[in-house]
1. Going by the structure shown, is Leu239 touching a Leu at 6+ places or on another chain (Cβ under 9 Å), crowded, with 17+ Cβ neighbours inside 10 Å and not hydroxyl-bearing (Ser, Thr, Tyr)?
2. Confirm whether Tyr203 is within 29 Å of Ala44 (Cα to Cα), in the same structural domain as Ala263 (by TED's automatic domain parsing) and buried (at least 20 other Cβ atoms within 10 Å of the Cβ).
3. Would you confirm, using the coordinates I've provided, whether Gly31 is on the phi > 0 side of the Ramachandran plot and touching a strand residue (DSSP E or B) at 6+ places or on another chain (Cβ under 9 Å)?
4. How many of the residues making up region 69-86 are part of a loop (DSSP other than H, G, I, E, B), under 26 Å from Asn190 (Cα atoms) and among the small types (Gly, Ala, Ser)?
5. What number of residues in region 130-147 are surrounded by 20 or more Cβ atoms within 10 Å (Cβ to Cβ), in contact with a Lys or Arg (Cβ under 8 Å, 6 or more places away or on another chain) and not hydroxyl-bearing (Ser, Thr, Tyr)?
6. Residue under question is Glu195, and the condition is that it be part of a helix (DSSP H, G or I), crowded, with 16+ Cβ neighbours inside 10 Å and either modelled with pLDDT of 95 or more or not assigned by TED's automatic domain parsing to the domain that holds Phe136 (or both); does it hold?
7. Counting only residues that are at pLDDT 85 or above, surrounded by 13 or more Cβ atoms within 10 Å (Cβ to Cβ) and either touching a Leu at 6+ places or on another chain (Cβ under 6 Å) or closer than 23 Å to Val173 by Cβ (or both), how many does region 269-289 have?
Amino acid sequence: MRVITTIQDMQTEIIKLKSQSKSIGFVPTMGFLHEGHLTLLKRAREENDVVVLSIFVNPLQFGPTEDFSTYPRDFERDRSLAECEGVDFLFYPSVEEMYPHSSSVRVIVQERTEVLCGKSRPGHFDGVATVLTKLFNIVLPTRAYFGKKDAQQVAVVDGLITDFHFPIQLIPVDIVREEDGLAKSSRNVNLLPDERRQAAKLYKSLAAAKEIIEAGERNPRTIKNLISNMITSETDGQLDYAEIYSYPQLEALDNLEGTCIIAIAVKFSKVRLIDNIILEVSKEIGGVK
């Protein structure tokens, strides 16, 4: 595995690979790799000739009160894990390399961002879309791999690839969970012991919502109330949102039908966790996938 820190060197390697008609699987991350990231890398390794992993903590997607400075970083550990997963190139640029001067152009996301995490994090997905536009142009991947845990990000990336005509296949990969159902995340290390036990209730509330949908419930308000009551009564966390939308359009629903996302965010003392399930819902009782 080769570690590359400059855009010029990365592009030089990519041009060579493209001239050889190699397929490139790309996994963009902010590092502190966990099993969810490794699942993306395994999938990319299975489906491509070459695997590129990027590690870059992108300042543009952090708000003024958010955790850019405290975001967990451990490059040597990440490098070791990447080697074990058969990564060919680890792209590890500095902030100065990616943003050497004030940008004259940034990407502004017009849709799919005024709900869920985007509602309370103005500009976040503009930062995500801007850095991904840069990374896609640097790596020129055949396929790009993203975890469904951040389903809103997947929806935004879907729009970015479609609207900008990137010749990239988006591959969403299922959430990787702990034994108790908690979605794996780099931020889980910031949970206090009691909070870690309570955090399993996020997925349990989503599972309970799925059960009543399978039993025939189609009213979004009833389903959201169930989730809210579980989080409020069974954890010390503060419920940021419990929402239901069409997916990937992220439009409000009066009644559940078609592809839907049920998404939640809960704030604990030092960390904010997100989780979701995506369902195919039909009108019939039990008609849920």
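The values are calculated or read from the model by the stated rules, or taken from the named source; none is laboratory data. This structure is a prediction, so every number in the text was calculated from the model and none was measured. Here Cβ is always computed from backbone atoms with ideal geometry, including for glycine, and neighbour counts include all displayed protein chains.
1. Values: touching a Leu at 6+ places or on another chain (Cβ under 9 Å): no; crowded, with 17+ Cβ neighbours inside 10 Å: yes; not hydroxyl-bearing (Ser, Thr, Tyr): yes.
Spelling it out, it is not the case that Leu239 is touching a Leu at 6+ places or on another chain (Cβ under 9 Å), crowded, with 17+ Cβ neighbours inside 10 Å and not hydroxyl-bearing (Ser, Thr, Tyr).
2. Working: within 29 Å of Ala44 (Cα to Cα): yes; in the same structural domain as Ala263 (by TED's automatic domain parsing): yes; buried (at least 20 other Cβ atoms within 10 Å of the Cβ): yes.
In short, yes.
3. Values: on the phi > 0 side of the Ramachandran plot: yes; touching a strand residue (DSSP E or B) at 6+ places or on another chain (Cβ under 9 Å): yes.
Yes, satisfied.
4. 1
5. Qualifying residue count, region 130-147: 0.
6. Values: part of a helix (DSSP H, G or I): yes; crowded, with 16+ Cβ neighbours inside 10 Å: yes; either modelled with pLDDT of 95 or more or not assigned by TED's automatic domain parsing to the domain that holds Phe136 (or both): yes.
Yes; evaluated as a whole, the condition is true for this residue.
7. Final tally of qualifying residues: 10.
Quick grid of which residues meet (1) in a loop (DSSP other than H, G, I, E, B); (2) in contact with a Phe, Trp or Tyr (Cβ under 9 Å, 6 or more places away or on another chain):
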residue: Ser21; (1), (2): yes, no
residue: Gly25; (1), (2): no, yes
residue: Gly31; (1), (2): yes, yes
residue: Gly36; (1), (2): no, no
residue: Asp67; (1), (2): yes, no
